[in-house]
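Taking it in order: structure first as structure tokens, then the write-up.
Since every read-out is calculated from the coordinates, none of them should be taken as a lab result. Quick caveat, the model's predicted, so the values are computed rather than measured. Here the Cβ positions follow ideal geometry from the backbone for every residue, glycine too, while neighbour counts run over all protein chains shown.
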């Protein structure tokens, strides 16, 4: 899929705007996607949390062994990037099949309501179907009511019984460097 030109023909006819066109990001889109990531961080009330650079993004998407993929959406062909979906492949031991984890989806405020978000999600759902993937999953902040309502309207279900956990920074370094003596392993197994 990443090497193909894929278009989505979904849009809101009544808004008078163009029909959203979804395509795989290419290297020319890195600056626009980076700017949208920073705009997303501001929207999510974490404006200083993004430490990734354009070079990091370029390497992740277009380096020798890319582990992430990105779709972009345009309202007008050849126009500015209106939004993006950055994703990667996961695997479910329960279904025995891969899936997609949507790391970030963001549509610039001036393009919301034009069908861009739906077009991105529809293309991701189509990729799942085409490749035999079992699911499409993502996180959404619990205060983001517009997004929650939009996702519910698509049939998405909240997994309220699951809690996200994260190791990063010092905790990640500490765990990686901790000795694996029998006492530490038994203690960790008892807590699990």
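With the Cα gyration tensor of the chain in hand, convert its eigenvalues to equivalent ellipsoid semi-axes via √(5λ) and list them largest first in whole Å.
Gyration-tensor ellipsoid for the chain: 33, 20, 18 Å.
If you count the DSSP beta bridges with both ends in the chain, what percent of them are antiparallel, to the nearest 5?
Values: 20 of 23 bridges.
Restricted to the chain, the bridges split so that about 85 percent are antiparallel.
Take every Cα pair under 8 Å in the stretch 96-139 that's 6+ residues apart, average their separations, divide by the length, and report that relative contact order as a whole percent. Don't skip to the end; give the middle numbers.
Numbers: 39 pairs, mean separation 28.2, N = 44.
Dividing the mean separation by the residue count of the stretch 96-139 yields 64 percent.
Quickly rank 20-26, 138-144 as a protection proxy: mean count of other C-beta atoms within 10 Å, highest first. Show your work: numbers first, answer last.
Numbers: 20-26: 20.7, 138-144: 12.3.
Taking the mean over residues of other Cβ atoms within 10 Å, the ranking is 20-26, 138-144.
Under the rule of -39500 (n - 2.57) per DSSP H run of 4 or more residues, summed and divided by the residues of the chain, what mean residue ellipticity at 222 nm is obtained, to the nearest 500 deg cm²/dmol? Could you put the intermediate results ahead of the total?
Working: 6 runs with 67 residues, N = 192.
Computed ellipticity for the chain at 222 nm equals -10500 deg cm²/dmol.
Any idea what angle helix 116-131 forms with the longest principal axis of the chain, computed on alpha-carbon atoms, 0 to 90 degrees, nearest 10?
Taking Cα atoms only, the helix is inclined about 60 degrees.
Among 177, 125, 35, which one shows the biggest mean-square fluctuation in a GNM of the chain, springs joining Cα atoms closer than 10 Å?
177
Can you bin the stretch 80-164 into rounded, prolate or oblate? Criterion: square roots of the alpha carbon gyration tensor eigenvalues sorted a ≥ b ≥ c, rounded for a/c under 1.5, prolate for a/b above b/c, oblate for the rest.
Values: a/c = 2.09, a/b = 1.35, b/c = 1.54.
Taking the square roots of the gyration eigenvalues as a ≥ b ≥ c, the stretch 80-164 is oblate.
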